[in-house]
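These notes concern the structure reproduced below.
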Amino acid sequence: MNTYLTTEELSAHIKYDARTIRQCLKDSVLFEGVHYIRPFGGRKILYIWERVEESML
């Protein structure tokens, strides 16, 4: 079972600004299909908390 977080929710978990996540971490440290998904082919991004946490450790 995975826990899906929005950018703002992830920001609160890892204590990084949401803007930093979007501009610096996404696609350089956090990769689509591994750390986040775009459900139903849309624009919204949901981060997979367990994968993000595993990469941080």
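The values are calculated or read from the model by the stated rules, or taken from the named source; none is laboratory data. Treat the numbers as computed from the prediction; the structure is a model and nothing was measured. Glycine also receives a Cβ, built like all others from the backbone with ideal geometry; neighbour counts cover every protein chain displayed. Accessible surface is based on the protein model in full, side chains and every heavy atom, while ligands, DNA and RNA are left aside. Shrake-Rupley method; radii C 1.70, N 1.55, O 1.52, S 1.80 Å.
Would you check which residues across region 1-25 are open to solvent by less than 80 Å² (accessible area, probe 1.4 Å) and in a strand (DSSP E or B) and list them?
If the condition is that a residue be open to solvent by less than 80 Å² (accessible area, probe 1.4 Å) and in a strand (DSSP E or B), then Leu5 is the only one that fits.
Name the residue that is surrounded by the fewest Cβ atoms within 10 Å (Cβ to Cβ), counting only residues in region 46-57 that are assigned to a helix (DSSP H, G or I) and out of contact with any strand residue (DSSP E or B) (no Cβ under 7 Å at 6 or more places or on another chain). Please lay out each step first, then the result.
Of all residues in region 46-57, those assigned to a helix (DSSP H, G or I) come to 49-56.
With out of contact with any strand residue (DSSP E or B) (no Cβ under 7 Å at 6 or more places or on another chain) added as a condition, the list becomes 50-51, 53-56.
On the way: Glu50: 13, Arg51: 17, Glu53: 13, Glu54: 11, Ser55: 12, Met56: 9.
Taking the candidates together, the pick is Met56.
Write out, first by first residue and then by second, each pair whose Cβ atoms fall under 6 Å of each other, whose residues are 6+ apart or on separate chains, and whose first residue, in region 27-41, is free of Cβ contacts under 8 Å to residues at least 12 places away in the same chain and farther than 15 Å from Leu5 by Cα while the second is aromatic (Phe, Trp, Tyr) and assigned to a strand (DSSP E or B).
Cβ pairs passing all conditions: none.
In this structure, does Arg43 turn out to be in a helix (DSSP H, G or I) and either of a type in the set (Ser, Thr, Tyr) or open to solvent by 70 Å² or more (accessible area, probe 1.4 Å) (or both)?
Working: in a helix (DSSP H, G or I): no; either of a type in the set (Ser, Thr, Tyr) or open to solvent by 70 Å² or more (accessible area, probe 1.4 Å) (or both): yes.
Taking the combined requirement at face value, the residue does not satisfy it.
Test Tyr16 against the criterion of being modelled with pLDDT of 95 or more and in contact with a Pro (Cβ under 9 Å, 6 or more places away or on another chain), and give yes or no. Talk me through it step by step, then tell me what you get.
Details: modelled with pLDDT of 95 or more: yes; in contact with a Pro (Cβ under 9 Å, 6 or more places away or on another chain): no.
No: the conditions fail for Tyr16.
Out of region 26-40, which residues are closer than 20 Å to Leu57 by Cα and open to solvent by 50 Å² or more (accessible area, probe 1.4 Å)? Full working, then the answer.
Applying the first criterion (closer than 20 Å to Leu57 by Cα) to region 26-40 yields 26-36.
Correct list: Asp27, Ser28, Val29, Phe31, Glu32, Gly33, Val34.
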